Amino acid sequence: MVSIAFIGLGNMGGPMAANLVKAGHKVIAFDLVAASRDQAKADGAAVAESSVTAVKGADVVITMLPAGKHVLAVWREVVPAMTNGALIIDCSTIDVESAKEAHALAAKHGIGSIDAPVSGGTGGAKGATLTFMCGGAEKAFASARPVLEKMGKKIVHCGGAGAGQSAKICNNMILGISMIAVSEAFALAEKLGLSHQALFDVASTSSGQCWSLTSYCPVPGPVPASPANNDYKPGFASALMVKDLTLAQDAAKATGAATPLGQHAQEIYKAFDAAGNGGVDFSGIIQHVRKLAGK
Ligand code: NAD
């Protein structure tokens, strides 16, 4: 069993590290927050005094951090301290440019690297059912796969450096746009006097069918497990949707891609977030859409 250093023990990283312990790995964990380190200890991990101490002698290093600047700062510290032949995996959602810079840094020190952002949220992190979207060399991916399989159920190699992040932001741009589309359809149906269930029964088996409707329906009733039935508690918070749509817009600008609906979705989610709804599940956007009526 490879030994693993895990840096960033927040809502996602904490349970992911715990699953690696459960799978029998020796895990050395670090986070800036003492409470997260205590939780990791309670979950059976060893706790290090710093990121650099954590990675010394580890076969695999995993980072799960808020944004590109945190990942680059941590990688600049830990990569030079890693053992020859070790592998570093970043599971955070970050901008493609930072991901590529991180890969280049690892390559400069002869360390294999993978960008492996996830989908599946905190439920997937706890249940070890995440999807990992990976970018990097074939050899590094082959070494990463058995470790990622302990935390997820689907592992996809998307291409070279940064390809995992590219796939993640493209997917979440579809998600943000489609959730707004489904919300607009329900808001229109309400005005037309059409019941939620009637629209669901038709659209879920017709050409309007999509994940935002059938798995995550933004009105209560048709999909009992969706956050709409639980006062829009996340799930996936609107603030994180703003983050991902902003990463998509940054990438669109950098590459010259046209994403008019992605841009509009970003504006709509930003307005929802600015009105104090950053902690509301992203399907709560239907409340914002309803309020736009007559404006
Ligand atoms: P979080 O804020 O709960 O956790 C981030 C952790 O990183 C915190 O505990 C923080 O203390 C730690 N940290 C920051 N800088 C550090 C440093 N220099 N050294 C050590 N630790 C440091 O965030 P999260 O919800 O766990 O998300 C982590 C990443 O996963 C983000 O990039 C996010 O976009 C992505 N993501 C989150 C979800 C979700 O549903 N929460 C879903 C998919 C992807």
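Quick note: the coordinates plus some simple rules give every number you see, no bench work behind them. Note that the structure is a prediction, hence the values are computed from the model and not measured. All Cβ positions, even for glycine, are placed from backbone atoms using ideal geometry, and neighbour counts span all protein chains on display.
Values for this structure:
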{"item": "Relative contact order [Cα under 8 Å, 6+ residues apart], the stretch 3-160, whole percent", "result": "20"}
{"item": "Cα-only radius of gyration and Dmax that characterise the stretch 243-295, units Å", "result": "12.3, 37"}
{"item": "Gain upon complete extension [K154, N230; 0.36 nm per residue less C-alpha separation]", "result": "24.6 nm"}
{"item": "Positive-pole candidate from A257, P222, G24, dipole of the chain, charges at beta carbon", "result": "G24"}
{"item": "Alpha-carbon gyration tensor eigenvalues x 5, square-rooted, for the stretch 1-78, Å", "result": "17, 14, 11"}
{"item": "For peptides 183-189, 193-199, sequence by mean Cβ density within 10 Å, most packed first", "result": "183-189, 193-199"}
{"item": "Size of the chain as Cα extents on the principal axes (Å, biggest first)", "result": "65, 43, 34"}
{"item": "Convex hull per residue volume in Å³, alpha carbons only, for the stretch 184-295", "result": "115"}
{"item": "GNM result for the chain, Cα springs below 10 Å: residue of G176, G276, G13 fluctuating most strongly", "result": "G276"}
{"item": "The chain: calculated mean residue ellipticity at 222 nm from DSSP helix runs of at least 4, using -39500 (n - 2.57)", "result": "-15000 deg cm²/dmol"}
{"item": "Beta bridge orientation in the chain: antiparallel %, DSSP, nearest 5", "result": "15"}
{"item": "Simple label model, 7 Å out from Cα along Cβ direction - A67 to Q197, nm", "result": "4.6"}
{"item": "Sites K291 and A35, calculated FRET efficiency, Cβ-Cβ separation with R0 41 Å, nearest 0.05", "result": "0.65"}
{"item": "Likely footprinting exposure, F282, F141, fewest C-beta neighbours within 10 Å first", "result": "F141, F282"}
{"item": "Relative exposure of W75, W211, judged by other C-beta atoms within 10 Å (fewest first)", "result": "W211, W75"}
{"item": "Dipole of the chain, positive direction: furthest Cα of T205, F132, A46, with charges on the beta-carbon", "result": "A46"}
{"item": "Ordering of 225-231, 159-165, 112-118 by burial proxy (mean other Cβ atoms within 10 Å per residue, highest first)", "result": "112-118, 159-165, 225-231"}
{"item": "Whole-number Å³ per residue for the convex hull built on Cα positions in the stretch 3-160", "result": "90"}
